[in-house]
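The values are calculated or read from the model by the stated rules, or taken from the named source; none is laboratory data. On a predicted model such as this, the values are computed, not experimentally measured, just so you know. Virtual Cβ from ideal backbone geometry, glycine too; neighbours counted across all protein chains shown. Heads up: the accessible areas ignore ligands, DNA and RNA and are worked out on the full protein's heavy atoms, side chains in. Shrake-Rupley method; radii C 1.70, N 1.55, O 1.52, S 1.80 Å.
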Amino acid sequence: MKYHDDRKVKLVSITSVQIKEISLKNFARNGYEGASMAEIADEVGIKKQSIYTHFKGKDDLFLALCQDAYEHEIKFVMDYIEQNTDLHLEDFMYGLLLQSIDRYEKNDSTKFWIRTAFYPPVHLNNQVMHLTYKYLDRSEELLLPVIDSGKEKGEVDAEVGKQQAASAYLALLDSLYVEMLYGGPGRLERRLEASWYLYWRGLSNQSLD
């Protein structure tokens, strides 16, 4: 009996994962309003009603994906920090911007996360924005020790506060997200180069050429 119970739990878990994987692509591509539960069920290979065995409804499924995406993005930041602690702060910060852009282009979870943060469903706005601000606060918290280390090494101007530097960096990243959503590659590249040039010169107190 226990074998059958364990097998049933495993099958339910597998199906839940499959539903979320297919749903993520669907929501990332079509947004909340355009996502179709019938299409998701069809792609998974189950009846539409079977989705409700795993999730209460479209909202429940969407918010589960938001939570997963939040966790994936925070893990990305944590892993990037762990793997690049030896870099000069300029290379570290610029590299993080480049990898963030690359993730948006190649990773469904990242694309879903950014689009949802900018276009949350009206009736789920509070829940989505709670996670969005939680992500921004956590990202800033993770960057503070890195910036502080850069200050100790003389890579950051002594008069620049680490909180200022982290907040301005996230504002820069936000501006790149706007171009990812609305602009093309050319506009994104121009925004990146211009904003990064001024950001780093201000942070390091290097003279503007």
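What to note about this one:
- Exposed loop sites here mean trypsin sites (Lys or Arg not before Pro) with a DSSP loop assignment and at most 14 other beta-carbon atoms within 10 Å; the chain contains its longest site-free run at 57-152.
- Loop-located GluC sites (Glu not before Pro) across the stretch 118-196 with a Cβ neighbour count of 10 or fewer within 10 Å are Glu159, with loop assigned by DSSP.
- Proximity of backbone amide H atoms, modeled 1.01 Å from N, is registered between Val156 and Lys151 at under 5 Å, excluding neighbours fewer than 5 places apart on the same chain.
- Over the chain: helical MRE at 222 nm, DSSP H runs n ≥ 4 each giving -39500 (n - 2.57), nearest 500: -28000 deg cm²/dmol
- Phi angles of the stretch 125-136 translate, via the Karplus equation with coefficients 6.51, -1.76, 1.60 and θ = phi - 60°, into HN-Hα couplings of 4, 4, 5, 5, 5, 4, 5, 4, 5, 5, 5, 4 Hz per residue; Gly and Pro are given as x.
- Descending semi-axes in whole angstrom, ellipsoid equivalent of the stretch 57-119, from the Cα gyration tensor: 27, 12, 8
- Sites Leu181 and Lys47, calculated FRET efficiency, Cβ-Cβ separation with R0 30 Å, nearest 0.05: 0.30
- Each part reduced to its alpha carbon centroid, the stretch 113-130 and the stretch 54-76 end up 12 Å apart.
- Averaged over its residues, the chain has an accessible area of 57 Å² per residue, based on protein heavy atoms and a 1.4 Å probe.
- The accessible surface of the stretch 92-167, taken with every protein chain in place and a 1.4 Å probe, is 50 percent carbon and sulfur.
- Using the Karplus relation 6.51 cos²θ - 1.76 cosθ + 1.60 with θ = phi - 60°, the per-residue 3J(HN,Hα) values for the stretch 153-166 come to 7, x, 7, 10, 4, 4, 7, 8, x, 5, 5, 4, 4, 5 Hz, with x marking Gly and Pro.
- Each Cα pair under 8 Å and six or more residues apart adds its sequence gap; the mean of these over the residue count of the chain is a relative contact order of 18 percent.
- Rg and Dmax over the alpha-carbon atoms of the stretch 81-209 stand at 15.5, 49 Å.
- Compactness index (Cα Rg / 2.2 N^0.38 Å), the stretch 120-176: 1.41
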